[in-house]
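Reading through the structure tokens given below for one structure.
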Amino acid sequence: MSKTQSTQPRRMKAEMWDRMQFLFRNYYDRMIHFYLKFDEPLVFAALSKAYKYVVDRIPVLHSSFINCAVTPYWKINYDYTEGDIISLKKVGSGEEAHDTAFGFLTQEIPVKAKLQIQVAVVRYDGGDILVQVLNHMCMDGPDTKEMLMLVAKAYDQILAGKEPDVEVKCGDRSHYQCYTLYNEEEKKKALGLYKNVSQVKHQIKFPYTKRSKNDKSRILRRVIGREKSAELKDMSKRAGVTLNDVLLVAYMRALYKACGIDRTKNVSVPCMVDLRRHIKGGKSYGFSNHIGFMICTAHGYKEDYLQMFADIKKQSDAAKEDPYFGLYSLPLLNLAYKLFPQALAEIAIGLGYNNPLTGMSNLGLLKEQDFAFDNKTPSDLFLTGAIKSIPYLQLAASTYKGEMTLTIAVKCKDEDEKALTVFIDDIVAELNKMLQVIK
């Protein structure tokens, strides 16, 4: 250890959402997966240096999570190299590159690892595929996007012959940021919202086989082309709903079919919500997690798409009008971690927390220039969240270059993958049918 390193902090507090994401190991792999395809090679040496520069400035990414029975913490590591972060994998064909990239993406980083991020460049005769896996305990999707944008900026500076000089935020990582827009009276009320929102009524279970040790992590992907995506966007405007509402209705209708649900029954699906809407400035102060969820319910399967749209829109509009949208139950979780040591807190929260069986996460628009490396924009790009374990299911969506990617990431058997393939194709079919019916 150098003299400089010896004066640097060796520990960092594990925040509430760090600990909750650790608890979620019972439901998914806790990883965030990023895929960027370039039609010409990147400069690997410059990319390695850029990653090292950014990771150096985000302590949680070069830390090991120590799960103490009383108070867990992050042990900050300094003895790592560029090669520990990123590797170059040379392959032949595009098909081999695809398989190698997805094989890398489906890995799980141990919490005790020296680094909580792993990156690979898969080089083939058509260009490079940049794949990144990052521990969700460290940050969520929006901050992962921001981090990669910083890598791109540092890369550009290095190629220009300069030493990288990119501002990397290193402020507060706690959930208390989400109360910075409120006055004292509002904040007091928000901190008293002890409602347990995990108790989702009308949950349904996808018809998986039983979970086993032989289950394999996999990511199913479907891409809705630019023209169809534009048509869906126009159709949603004509129907007076958001594209998210449209996607949710297609998802719910496919669930009715796949799960064999009586069409008179209700189906509820939690949707992820970015809590940065409550942070002063609209961005987190340090790389962290700020995701909540709202629950939307289909009150029966309706043949008329517009009826289902209106049902979902009414609920989502009402939720968004709530000044404390998405903040319910944060105080309850925080209280458990304050009152109990880690081992007991996990038991207490586990008894009260009911992980939703289904969910949807729209990771939003990914802008071309945000992910340009030396003005080379990816020809293909998508982001998806954690790989769920049986019996859980989540549909994720992201949009890039006008194309919408739908992904389902699950650790399961080949038999389950066949059923999920039918399911995700049914979601796409529902979206196509909407375009034919709603003129």
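The values are calculated or read from the model by the stated rules, or taken from the named source; none is laboratory data. Since this is a predicted model, take the numbers as computed values, not measurements. Virtual Cβ from ideal backbone geometry, glycine too; neighbours counted across all protein chains shown. We work out accessible area using only protein heavy atoms, side chains counted, and drop any ligands, DNA or RNA first. Shrake-Rupley method; radii C 1.70, N 1.55, O 1.52, S 1.80 Å.
Summary of values
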quantity: Most mobile listed residue (132, 369, 394) in the chain, GNM with C-alpha springs under 10 Å; calculated: 369
quantity: Per residue value of the accessible surface for the chain (all protein chains in place, 1.4 Å probe), Å²; calculated: 44 Å²
quantity: Choice from 277, 238, 30 showing the highest fluctuation, given a GNM over the chain with Cα pairs closer than 10 Å; calculated: 238
quantity: Most fluctuating residue given options 319, 101, 409, as computed from a GNM of the chain linking Cα atoms under 10 Å; calculated: 319
quantity: Across 49/338; 280/376; 89/112; 188/280; 75/145; 195/313, pairs whose alpha-carbon gap is larger than 28 Å; calculated: 49/338; 280/376
quantity: By average C-beta atoms within 10 angstrom, highest first, the peptides 257-265, 160-168; calculated: 257-265, 160-168
quantity: Solvent-accessible ranking of 405, 106, largest area first, probe 1.4 Å; calculated: 106, 405
quantity: With 10 Å bins from 0: P(r) over segment 217-364, alpha-carbon pairs, percent; calculated: 9, 30, 34, 20, 6, 0
quantity: Dipole magnitude (debye, nearest 20) for segment 327-429, charges at Cβ of Lys, Arg, Asp, Glu; calculated: 400 debye
quantity: Pairs of Cα atoms farther than 12 Å apart, segment 134-187, %; calculated: 74 percent
quantity: List 377, 7, ordered by accessible area with a 1.4 Å probe, largest first; calculated: 7, 377
quantity: Signed unit charges on C-beta, dipole axis of the chain, positive-most listed residue 220, 83, 137; calculated: 137
quantity: Of 407, 394, 20, farthest towards positive along the dipole that unit charges on Lys, Arg, Asp, Glu beta carbons give the chain; calculated: 20
quantity: Computed [θ] at 222 nm, deg cm²/dmol, the chain (DSSP H ≥ 4; -39,500 (n - 2.57); rounded to nearest 500); calculated: -11500 deg cm²/dmol
quantity: Dipole of segment 42-164 [Lys/Arg +1, Asp/Glu -1 at C-beta], most positive-end residue of 46, 65, 155; calculated: 65
